[in-house]
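Report on the following structure.
Readers should treat all values here as calculations from the given coordinates under stated rules, not as data from a laboratory. The structure displayed is predicted, hence computed values, not measured ones. Note that we place each Cβ from the backbone using ideal geometry, even for glycine, and neighbour counts take in every protein chain shown.
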Amino acid sequence: MPGWKIHRTAAAVALLILMALSAACSSGPRIITNSAPDFSVANYRTFGFFSPLGTDRGNVQSLESKQLIMSATRELEMAGLRRDDANPELLVNFVIATRETLQSRPSSSVGVHHGRGRYGTWGGYSMGMSTTEVVQRTEGTLGVDLVDRARNQLVWEGAATARVTDQMRQNRDQVLDSAIADIFAEFP
């Protein structure tokens, strides 16, 4: 049955590709958005940014803020808004938070058992060993707030939450840009 092996191999490869694509899709950030009941982007023409932003350090604009401003400006302009730092109708703010978590899970176990002795009597010994692996992980959240400047009221918010890896830290600008794009993909 040589043909059967080819089909089985092709099916196995297809299954691996499907699993890899599913893992890639599920590894993206979790996006949550919320808006005021009366919020419509059509009611606004301009936007600007809080000063200082939640991602700034005192009176100094952080590198993260600079990237977030560029990315959010692109997304809001694509939504039909225009940047106006002098008199914006919407003010944009960012928040970045990280949280350390510890996860534990059994990683291995070993057991040695001996059965009954002759005539149903206990005749043996028992030994067991289990280890637990503890992993520290960092989870990061990027939040975007849109505030109606005239009413001083939050009208829309979006957040992206994901596990922070060393690779993400090394590619900070790309990760922030992608997160902003993911958040604003849910913008009304």
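Some notes on this structure:
- Per-residue ³J(HN,Hα) for the stretch 61-70, Karplus 6.51 cos²θ - 1.76 cosθ + 1.60, θ = phi - 60°, Hz, x for Gly and Pro: 6, 6, 4, 5, 4, 4, 5, 5, 4, 4
- The value for the stretch 141-183 of Rg(Cα) / (2.2 N^0.38 Å) is 1.44.
- Gained length - residue 131 relative to residue 46, 0.36 nm times residue gap less alpha-carbon distance: 24.8 nm
- Remark: spin-label model distance residue 98-residue 186 equals 2.3 nm, labels positioned 7 Å along the Cα→Cβ axis.
- Backbone N within the stretch 26-65 under 14 Å of label point (7 Å from residue 173 Cα along the Cβ vector): 63-65
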